[in-house]
Amino acid sequence: MFSRIFVEKSVGHLPQISVIKERFSNTPVTEIDAIEDIFGRVKKPYLQKRSNLQLFLGKKKGTLVKEAPDAYGLAGEPHYYFIHAYNCIYECEYCYLQGYFQSPDIVLFLNHDEIAIEIESVIKRHPDQTVWFHAGEFSDSLALSHLTGELPFYFELFKRNPQAKLELRTKSANIKELKKLSALENVITSFSLSPQNRIKATDLKTPSLKHRLSAMRELQNLGHPVAIHLDPIIHEDNFLETYKGLFDELNEYLDLTSLAYVSMGVVRFTSKVFHQVKKNYPHSELLAAEFHSSFDGKVRYPRPFRLWLLGKIKQLALQSGLREEQIYLCME
Ligand code: SF4
């Protein structure tokens with residue numbers, strides 16, 4: 001999976017380093033002073049992640065917890081995200097990480113104790129509110145969780161802070177570590193889903209819809225709160241039939257009425273990422289549509305069209321048994 005592992009001296013003593021070294025016992029390991037001395041120093045083309053992916057292990061410096069943009073989550077409550085990794089093993093053609101860093105190499109930050117201190121200080125600043133913390137802004141929260149081993153730590157943290165909520169965002173079906181933990185009402189695992197034909201066409205290397213739905217069903221049966229992001233919604237011929245089929249499958253696998261929430265967002269890019277998509281995937285079906293520069297500088301479908309898409313999907317969601325208050329529209 002990785003051509004080389006770089007380990008910062010500052011984390012060399014952590015038990016997780018031994019676990020990772022053992023798991024990749026044939027991969028050469030290099031000790032380094034600081035991740036930033038090497039990661040991204042020389043621009044590495046994004047698609048090199050297919051053939052030459054390196055792993056960096058170290059400590060995140062600077063701000064560890066950041067305020068999330070408007071409309072990031074359920075309205076009316078403060079939202080933050082924390083950064084415990086950069087980059088992702090999957091390869092979605094619309095991925096916002098294209099061109100975000102100078103390199104697609106995976107970075108895992110292991111100073112969770114310091115992240116926890118910042119999280120608790122944010123919670124203290126909002127004594128009368130439910131504060132949300134989102135993991136996975138620059139990576140997938142669960143895809144490598146069997147290697148990184150931080151989930152028990154965060155479960156303990158949020159057990160101590162029941163007034164705050166943690167969202168683990170994922171496209172994986174890797175729930176091995178989660179299944180070992182007792183469910184907490186305030187720790188929600190959210191799965192980004194699309195119809196299977198879209199997963200096949202654009203969400204390269206991600207688990208199939210059925211694998212993700214099975215994982216979600218297992219978590220629901222164990223009492224873990226589960227949520228869904230229908231994001232990004234991409235238009236195609238037979239769009240309504242395809243999404244109707246997706247809701248039928250959701251109903252078959254899950255108890256929709258007990259989902260924590262369902263968010264919906266139409267495909268969008270920063271202009272920089274849109275440029276990268278055209279460069280990396282010039283034949284992608286994604287590019288067949290008409291895109292415009294939008295009110296916030298992002299590249300999107302024209303507004304009436306995306307409102308029509310969201311309206312149609314919301315209607316299907318309500319017809320499938322979801323309640324109005326479970327649904328929110330993302331980044332609109
Ligand atoms: S799962 Fe998310 S982070 Fe990973 S490639 Fe896809 S869009 Fe990017």
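Can you tell which of SER194, SER172 is out of contact with any Gly (no Cβ under 9 Å at 6 or more places or on another chain), under 18 Å from GLU252 (Cα atoms) and in a loop (DSSP other than H, G, I, E, B)?
SER194
Of everything listed in (1) within 16 Å of the ligand (Cβ to nearest atom); (2) closer than 18 Å to PHE191 by Cβ, the single unmet condition for THR148 is (2).
LYS66 meets the conditions (1) surrounded by fewer than 21 Cβ atoms within 10 Å (Cβ to Cβ); (2) more than 14 Å from the chain's Cα centre (by Cα); (3) over 25 Å from GLY149 (Cβ atoms) in every case but one. The failed one is (3). Looking at GLU218, GLU236, GLU252, just one residue is outside any helix (DSSP H, G or I), over 15 Å from the mean Cα position of the chain (by Cα) and more than 15 Å from the ligand (Cβ to nearest atom), and that residue is GLU236.
Taken together, the residues in the range 169-182 that are buried (at least 20 other Cβ atoms within 10 Å of the Cβ) and more than 16 Å from the ligand (Cβ to nearest atom) amount to 1.
Considering TYR243, TYR261, the condition of being touching a strand residue (DSSP E or B) at 6+ places or on another chain (Cβ under 7 Å), among the aromatic types (Phe, Trp, Tyr) and farther than 30 Å from GLY99 by Cα is satisfied by TYR261 alone. If we scan the range 113-120, do we find a residue that is surrounded by 20 or more Cβ atoms within 10 Å (Cβ to Cβ) and within 16 Å of the ligand (Cβ to nearest atom)? Scanning the range 113-120 turns up no residue that is surrounded by 20 or more Cβ atoms within 10 Å (Cβ to Cβ) and within 16 Å of the ligand (Cβ to nearest atom).
If you go through the range 288-297 and pick out every residue that is surrounded by 14 or more Cβ atoms within 10 Å (Cβ to Cβ) and at pLDDT 90 or above, you end up with 1. Applying the criterion of being in a loop (DSSP other than H, G, I, E, B) and aliphatic (A, V, I, L, M) to the residues of the range 70-111, the residue that is surrounded by the fewest Cβ atoms within 10 Å (Cβ to Cβ) is ALA75.
Taking the condition in a helix (DSSP H, G or I), more than 23 Å from VAL266 (Cα to Cα) and free of Cβ contacts under 8 Å to residues at least 40 places away in the same chain, does GLU114 pass? Against the criterion (in a helix (DSSP H, G or I), more than 23 Å from VAL266 (Cα to Cα) and free of Cβ contacts under 8 Å to residues at least 40 places away in the same chain), GLU114 does not qualify.
Among the residues of the range 255-296, which ones are part of a helix (DSSP H, G or I) and small (Gly, Ala, Ser)?
SER258, SER271, ALA288
You will find that of LEU213, LEU204, LEU166, the residue that is within 20 Å of LEU142 (Cβ to Cβ), within 14 Å of the ligand (Cβ to nearest atom) and either in contact (Cβ under 8 Å) with a residue 40 or more places away in the chain or in contact with a helix residue (DSSP H, G or I) (Cβ under 8 Å, 6 or more places away or on another chain) (or both) is LEU204 and no other. Exactly one residue among PHE138, PHE153, PHE133 is within 16 Å of the ligand (Cβ to nearest atom) and aromatic (Phe, Trp, Tyr), and that residue is PHE138. If you go through the range 13-32 and keep only what is farther than 19 Å from SER145 by Cα, touching a strand residue (DSSP E or B) at 6+ places or on another chain (Cβ under 7 Å) and in a loop (DSSP other than H, G, I, E, B), you end up with THR27, PRO28.
The values are calculated or read from the model by the stated rules, or taken from the named source; none is laboratory data. Since we're looking at a predicted model, the values are computed, not measured. Here the Cβ is made from the backbone with ideal geometry for all residues, glycine too, and neighbour counts use every protein chain on show.
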